[in-house]
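Engineer: Sharing a structure below in structure tokens format, with a few things to ask.
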Amino acid sequence: MTATDPSPDSATASFPDCVPVLTDGRVVLRAHADADVPRMVEQSVDPESVRWTTVPSPYTEKDALTWFEGIRAGWESTKGPFLWALTEGTDTPTYLGTIDVRPQAAGIGVIGFGLHPEARGRGLMAAALRLATRWWWDRGGVRMHWQANRGNFASWRVAHACGFTYHGVIPGHLAHRGEALESWNASVGRDDDVTRPATPWWEPVPLAGDGIRLRPWCESDVDAVEPGDSPSHFMPRGAEPTRDTFAHWLLRKREQAAFGDATHWCIVDAQTDRALGNVVLIDRGQEEGSAEAGYFLFPSARGRGVASQAMELLTAYAFRAQADGGRGLRRLTALSVGDNVASARVLERAGFTEWGREPQFCARADGTYDDARHWVRLP
């Protein structure tokens, strides 16, 4: 990264001379200019911008000019917030987005950013975030914080790529168009590596078998959800969706992948693409190189060998080397309850060995207790 201050006395220079130009050779952060206004309007009326940010809606050129004056005031006061226009390449001045650093006390900064629709998906904002964060370190900053409305995976993908550590969900934390919404929160410290993710993001890689496929879950799969008929102690509470809970259940599954906790696949019929159930690799709480495997089926999918086929695909993927598109794990574990004989048979067919039982692990509906059966499989 290079930082060029166009004024030898930038602390007292007027806008735009007080704005340092930051570049990594591809991305350039520079002062906003009058010529940017039309594209700022285009960005701000884009549906994704309206959905995830607090830009006025409808958004007009007057709004852009008012915002422009706020950008100018932030730099000239030397107190911020500090906003840059993002462009690509020193010979390409076209406005592609905005990134801002909002100083707090004690060396704390808060980062915010937004991209013009045509610039998305090319890694430009991750590069810009690194430039702005390093600029903050150079000014004596100690930590940079990021927050976004819960569910804004595009924004998290940028922060994730830059080594931010996820801290959790805060309820009712962000005001958004009259609502108090949940927020995701993460941060990175000045001694952290901003060139790579701090945690994995294991996307559910599509896998194909005999009559079934494993693929990511999607919103339309709600149509295949069936009422569960298994005893309540067979699965953790909330592990299986209902049609009423499906939207939140799907968000949680996607969060678990994005934050490195677990990867869920939808088991589907290879011919109809209808959802039949779920298989999962759980990483949270596991030792390095180890994961817990699990599954459930909708009632109409049982008795057809679907679970065994799905577990065969899952275990093959789990043990396959990462260089060959797998996870490269050294061990898989699983857990079933004593009453669930069918699940035990699936695990045995998948090559798992029972190594122990845990007495009185979970309560049955009648107030008695069932054991946990612990399983393991090595490559």
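The values are calculated or read from the model by the stated rules, or taken from the named source; none is laboratory data. Here the structure is a predicted model, which means the values were calculated and not measured. When we count neighbours, we look across all protein chains shown, and the Cβ atoms used for this are built from the backbone with ideal geometry, even at glycine. Note: areas computed on protein heavy atoms with side chains; ligands, DNA, RNA excluded. Shrake-Rupley method; radii C 1.70, N 1.55, O 1.52, S 1.80 Å.
Engineer: State to the nearest 20 debye the size of the charge dipole of the stretch 221-323 about its Cα centre, where the only charges are +1 on K and R beta carbons and -1 on D and E beta carbons. Mind showing how you got there, number by number?
Structural biologist: On the way: 10 positive and 15 negative charges, 17 e Å.
Roughly 80 debye for the stretch 221-323.
Engineer: I've got another one for you. Placing one identical point scatterer on every Cα of the chain and ignoring solvent, what is log10 I(q)/I(0) from the Debye formula at q = 0.07, 0.14 Å⁻¹?
Structural biologist: With no solvent term, the Cα-only Debye profile gives -0.42, -1.15.
Engineer: Excluding His248 itself, calculate the net charge of residues whose Cβ lies under 15 Å from the Cβ of His248, where each Lys or Arg counts +1 and each Asp or Glu counts -1. If you can, show how the numbers build up before the last one.
Structural biologist: Values: positive: Arg150, Arg237, Arg243, Arg252, Lys253, Arg254; negative: Glu182, Glu219, Asp221, Glu240, Asp244, Glu255.
Within the 15 Å Cβ shell, the charges total 0.
Engineer: Taking amide H atoms as placed 1.01 Å from N in the peptide plane, list the residues 5 or more away in sequence, or in a different chain, whose amide H sits under 5 Å from that of His173.
Structural biologist: Here Leu181, Glu182, Ser183 satisfy the definition.
Engineer: List the residues whose amide H sits under 5 Å from the amide H of Tyr369, counting only those 5 or more places along or on another chain, with H placed 1.01 Å from N in the peptide plane.
Structural biologist: Under 5 Å from the amide H of Tyr369 lie the amide H atoms of Arg364, each far enough along the sequence or on another chain.
Engineer: Just to confirm the number: angle between the C-alpha axis of helix 124-138 and the first principal axis of the chain, 0 to 90 degrees, nearest 10?
Structural biologist: Once rounded, the angle reads 60 degrees.
Engineer: Counting C-alpha atoms alone, how compact is the stretch 121-161: give Rg to one decimal and Dmax as a whole number, in angstrom.
Structural biologist: Cα-based Rg and Dmax for the stretch 121-161 come out at 11.3, 32 Å.
Engineer: Taking the Cα centre of each part, how many Å lie between the stretch 283-313 and the stretch 151-196?
Structural biologist: 30 Å
Engineer: If you don't mind, another one. Go through the stretch 230-305 and name the trypsin sites (Lys or Arg not before Pro) that are in a DSSP coil and have 10 or fewer other Cβ atoms within 10 Å of their Cβ.
Structural biologist: Those that pass, being in a loop and sparsely packed, are Arg237.
Engineer: With r defined as the distance between the Cβ atoms of Arg102 and Cys362 and R0 fixed at 51 Å, what FRET efficiency is calculated, to the nearest 0.05?
Structural biologist: Details: r = 47 Å, r/R0 = 0.93.
That gives a FRET efficiency of 0.60.
Engineer: Size of the stretch 216-341 along its principal axes in angstrom, Cα-based, largest extent first?
Structural biologist: Taking max minus min along each principal axis of the Cα atoms, the stretch 216-341 gives 37, 33, 28 Å.
Engineer: Looking at the chain, what % of its DSSP beta bridges pair antiparallel, to the nearest 5? Kindly include the intermediate steps, with their values, before the conclusion.
Structural biologist: Details: 68 of 74 bridges.
Counting only bridges with both partners in the chain, antiparallel ones make up about 90 percent.
Engineer: Sticking with this structure for a sec: Remind me, relative contact order of the chain in percent, using alpha carbon pairs under 8 angstrom and six or more residues apart? Let's see the in-between values first.
Structural biologist: Values: 705 pairs, mean separation 33.2, N = 379.
Across the chain, relative contact order equals 9 percent.
Engineer: Loop-only GluC sites (Glu not before Pro) in the stretch 217-291, please: DSSP not H, G, I, E or B, and at most 13 other Cβ atoms within 10 Å. Could you put the intermediate results ahead of the total?
Structural biologist: Values: sites: Glu219, Glu255, Glu287, Glu288; in loops: Glu287, Glu288.
Listed in order of number, the matching sites are Glu287, Glu288.
Engineer: Turning to a different aspect of this structure: What is the helix-to-structure angle for 61-77, meaning the angle in degrees between its Cα long axis and the longest Cα principal axis of the chain, kept from 0 to 90 and rounded to the nearest 10?
Structural biologist: Roughly 70 degrees, rounded to the nearest 10.
Engineer: In a Gaussian network model over the chain where Cα atoms closer than 10 Å are linked, find which of Ser57, Ser183, Ser336 has the largest mean-square fluctuation.
Structural biologist: Ser57
Engineer: For Glu42 and Trp355, FRET efficiency with R0 = 56 Å and r from the beta-carbon atoms, rounded to 0.05?
Structural biologist: Details: r = 60 Å, r/R0 = 1.07.
Taking R0 as 56 Å, the efficiency between Trp355 and Glu42 is 0.40.
Engineer: Rounded if a/c is under 1.5, else prolate if a/b is larger than b/c, else oblate: which is the stretch 143-222, with a ≥ b ≥ c the root eigenvalues of its Cα gyration tensor? It would help to have the intermediate numbers written out before the result.
Structural biologist: Numbers: a/c = 3.73, a/b = 1.39, b/c = 2.69.
Cα axes put the stretch 143-222 in the oblate bin.
Engineer: Give the angle, between 0 and 90 degrees and rounded to the nearest 10, that separates the Cα long axis of helix 246-258 from the longest principal axis of the Cα atoms of the chain.
Structural biologist: So the helix axis and the longest Cα principal axis differ by about 70 degrees.
Engineer: Given R₀ = 30 Å, what would the calculated FRET efficiency be for Asp138 paired with Glu118, taking r from the Cβ atoms and rounding to 0.05?
Structural biologist: Numbers: r = 31 Å, r/R0 = 1.03.
Once rounded, the FRET efficiency stands at 0.45.
Engineer: What residue among Phe153, His167, Ser183 has its Cα farthest toward the positive end of the dipole of the stretch 151-196, where the charges are +1 on Lys, Arg and -1 on Asp, Glu, each on the Cβ?
Structural biologist: My answer, from the dipole projection, is Phe153.
Engineer: Taking a probe of 1.4 angstrom, what is the accessible area of Glu348 in Å², to the nearest 10?
Structural biologist: 100 Å²
Engineer: Next question, about the same structure. Can you list, largest first and rounded to whole Å, the semi-axes you get for the stretch 20-74 by taking the square root of 5 times each eigenvalue of its Cα gyration tensor? Display every interim value, and only then the final one.
Structural biologist: Numbers: eigenvalues 95, 44, 20 Å².
Semi-axes from the Cα gyration tensor: 22, 15, 10 Å.
Engineer: OK, next. Let me know the shape class of the stretch 241-296, please: from the alpha-carbon gyration tensor, a ≥ b ≥ c as square roots of the eigenvalues, rounded when a/c is under 1.5, otherwise prolate if a/b is greater than b/c, or oblate.
Structural biologist: Here the stretch 241-296 falls in the oblate category.
Engineer: Once label points are set 7 Å from the Cα along Cα→Cβ at both Ala73 and Ala180, what is their separation, rounded to one decimal in nm?
Structural biologist: 2.8 nm
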